[in-house]
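The values are calculated or read from the model by the stated rules, or taken from the named source; none is laboratory data. Note that the structure is a prediction, hence the values are computed from the model and not measured. So basically every Cβ, Gly included, is an ideal-geometry build from the backbone, and we count neighbours across all protein chains shown. Ligands, DNA and RNA are excluded from the accessible area calculation, which covers all protein heavy atoms including side chains. Shrake-Rupley method; radii C 1.70, N 1.55, O 1.52, S 1.80 Å.
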Amino acid sequence: MDANSMEKYLIQIEDVLESSKAVPFSGKVAVDKDQIYDIIDEIRLNLPSELKESKKLVENKDKFLRDAEKRSESAIESARQEAESILQDAYNKAEKMISEHQIYKTAEEEAELIMQEAKRDAKSIRVNAVDYADEILSKAETAMRATIDSIEKNHSSAQEYYNRILDTLYENRQELRS
């Protein structure tokens, strides 16, 4: 919907208000609500597709966040299980090597190296999961910004609404990072 169309609808609403009868002893008027509803229906039918798509994006925001959270939790759980498995292997090897002092020292050093490697692997998997979630949120944020730029030309109240959503996405990303 371009600015001329929006102006046309606003003029129609003004005409309905101006032609409406005044309610005595108040600053109010009685309007034909069917006329107003007809104008509103026309506005809805002529809304830009970007606005409709942005509504869908807003509705799907929670699904994106839940999916990203599930994937990150799954990756973290997988890393935890792998780390536990590696640690269990290290403990089992250490118990077998206790019989001799030198073998015991070697096992202890190897267990420490395996533990450090497992921690590095777990951290790497966790960082990758966070990066993936951040990428999904970043794409959602980029799509929202493009939608807001398009809508900004036509409707300032829609812009305020989407800015609140962007703030929420940004806060979620910040929470995810911390």
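Given the criterion of a type outside the set (S, T, N, Q) and loosely packed, with under 11 Cβ neighbours inside 10 Å, identify the matching residue among ASP67, ASP15, ASP38, ASP34. Reasoning before the result, please.
Working: ASP67 fails: loosely packed, with under 11 Cβ neighbours inside 10 Å; ASP15 fails: loosely packed, with under 11 Cβ neighbours inside 10 Å; ASP38 fails: loosely packed, with under 11 Cβ neighbours inside 10 Å.
Only one candidate qualifies: ASP34.
Do the conditions hold for GLU53, that is, is it open to solvent by 80 Å² or more (accessible area, probe 1.4 Å), of a type outside the set (S, T, N, Q) and within 24 Å of LEU113 (Cβ to Cβ)?
It is false that GLU53 is open to solvent by 80 Å² or more (accessible area, probe 1.4 Å), of a type outside the set (S, T, N, Q) and within 24 Å of LEU113 (Cβ to Cβ).
Mind listing whichever residues of segment 18-31 are among the hydroxyl-bearing types (Ser, Thr, Tyr) and either touching a strand residue (DSSP E or B) at 6+ places or on another chain (Cβ under 9 Å) or open to solvent by 80 Å² or more (accessible area, probe 1.4 Å) (or both)? It would help to see each step written out before you state the result.
Narrowing segment 18-31 to residues among the hydroxyl-bearing types (Ser, Thr, Tyr): 19-20, 26.
Correct list: SER19, SER20.
Can you list residue pairs whose Cβ atoms sit under 9 Å apart, with the first residue in segment 138-167 being open to solvent by 90 Å² or more (accessible area, probe 1.4 Å) and the second being at pLDDT 90 or above and assigned to a helix (DSSP H, G or I)? Count only pairs 6 or more apart in sequence or on different chains.
ARG145/LEU166
Open to solvent by 90 Å² or more (accessible area, probe 1.4 Å) and modelled with pLDDT under 80: which single residue out of GLU73, GLU112, GLU59 fits that description? Working first, answer last.
Values: GLU73 fails: modelled with pLDDT under 80; GLU112 fails: modelled with pLDDT under 80.
On inspection, the qualifying residue turns out to be GLU59.
If you scan segment 1-45, which residues turn out to be aliphatic (A, V, I, L, M) and assigned to a helix (DSSP H, G or I)?
We begin by selecting, within segment 1-45, every residue aliphatic (A, V, I, L, M); these are 1, 3, 6, 10-11, 13, 16-17, 22-23, 29-31, 36, 39-40, 43, 45.
Matches in segment 1-45: ALA3, MET6, LEU10, ILE11, ILE13, VAL16, LEU17, ILE36, ILE39, ILE40, ILE43, LEU45.
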